[in-house]
Amino acid sequence: AILDKKNRVLEPKKVLRFLQRKALPQPRLPTPTLEMSSSEEEDIEMAVIYLQKLLRGRVVQNTMFEGKEKRLELIQELRTSHALQEDDRLLKKAEKQVTLALQRQRNLHEHKVSVVENHLAGLEGRVLADMFDFLSKELVRLQEERRIHAFAMLAERQRRMREAEESGRRQVEQRRLREEDQIFKEVIKVHQSTVTSYLEDIILNTEESTAEEQARAEIEKMAEEINDIAYEMEIRRTQLQSEEIVAELVYSFLIPEVQKDFVKEKELVKFSSCCLTPEYNHLEYRWGAVLVSVTEYQKPNLQEEVPQRGVFCDFFFFKT
């Protein structure tokens, strides 16, 4: 057998065509654990067990008492059946019949009472069902009413918020419109003032140019007339009148400058800290002599009539 086993050719393993279910090992049972409880928990557990025992005993005692009360007549009958004599059996039989009749009547009465109670219970059940149905519907109605009230309050709040936002936007829009109106008014005012000033400038420039042209024309006309008069007077002028004109011109242009210089030097001398020297006296004498000579020279000759107006016109106006 061992040789056969050695000489046996190993067959190749066949390829599986279908999937095979692999059996899973059964799970091991959980290891029991013991929790250590304290003495207080153990006392509480023992008290609960004792209370359960008392309740179970009380239930059995109540059951036995109810059964005894229910079969009390039969118990009394069993107690007295063996102790009765022959002459009392008839009496006991009659009492038994009466007792059975009473039991039947009681059972009938209990049946009637149970029927009435069942009917009343049905009525009470229907009334309670109707009442509970009404209360449940009222509860649903109150809940719906509260929810609708909450929705109404939320909608009112949203409406107020939207009204506040709308009023804010309206105020902003009104303020913007007022600002735009004010800006438009200011722009119109600026435009009007610009147009007014432009027209005023045009009118003033026109008036000025017109007045200037008219004045220029009148002045040219007057200058021509005055020049004609001056030329005519120049033709008629004598040597003495020419000298007087020269004296007046010198007096008009030279004497003010001399007086100005004299006043300046006099002020300088007044505020100077040194004493006056002979040079200053000589200068003052010289300026005084000039003033006297020029003044005497420019005095007009009263015997001859000199046309002063013609002199100045001849000096300032001339033909081009």
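The values are calculated or read from the model by the stated rules, or taken from the named source; none is laboratory data. Not measured: the values here are computed from a predicted model. No Cβ is skipped: glycine too gets one built from the backbone with ideal geometry, and neighbour counts run over all protein chains shown.
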Condition check for Arg170: modelled with pLDDT under 90, surrounded by 10 or more Cβ atoms within 10 Å (Cβ to Cβ) and assigned to a helix (DSSP H, G or I): no
Residue check for Pro25: at pLDDT 80 or above and either touching a Ser or Thr at 6+ places or on another chain (Cβ under 7 Å) or outside any helix (DSSP H, G or I) (or both): yes
Residue among Lys264, Lys270 that alone is surrounded by fewer than 10 Cβ atoms within 10 Å (Cβ to Cβ), over 60 Å from the mean Cα position of the chain (by Cα) and part of a helix (DSSP H, G or I): Lys270
Which numbered condition Arg79 misses (of (1) loosely packed, with under 10 Cβ neighbours inside 10 Å; (2) over 29 Å from Glu95 (Cβ atoms)): (2)
Arg286 loosely packed, with under 11 Cβ neighbours inside 10 Å and modelled with pLDDT under 50: yes
Answer from Lys14, Lys93 - the residue that is out of contact with any helix residue (DSSP H, G or I) (no Cβ under 8 Å at 6 or more places or on another chain), outside any loop (DSSP other than H, G, I, E, B) and modelled with pLDDT under 80: Lys93
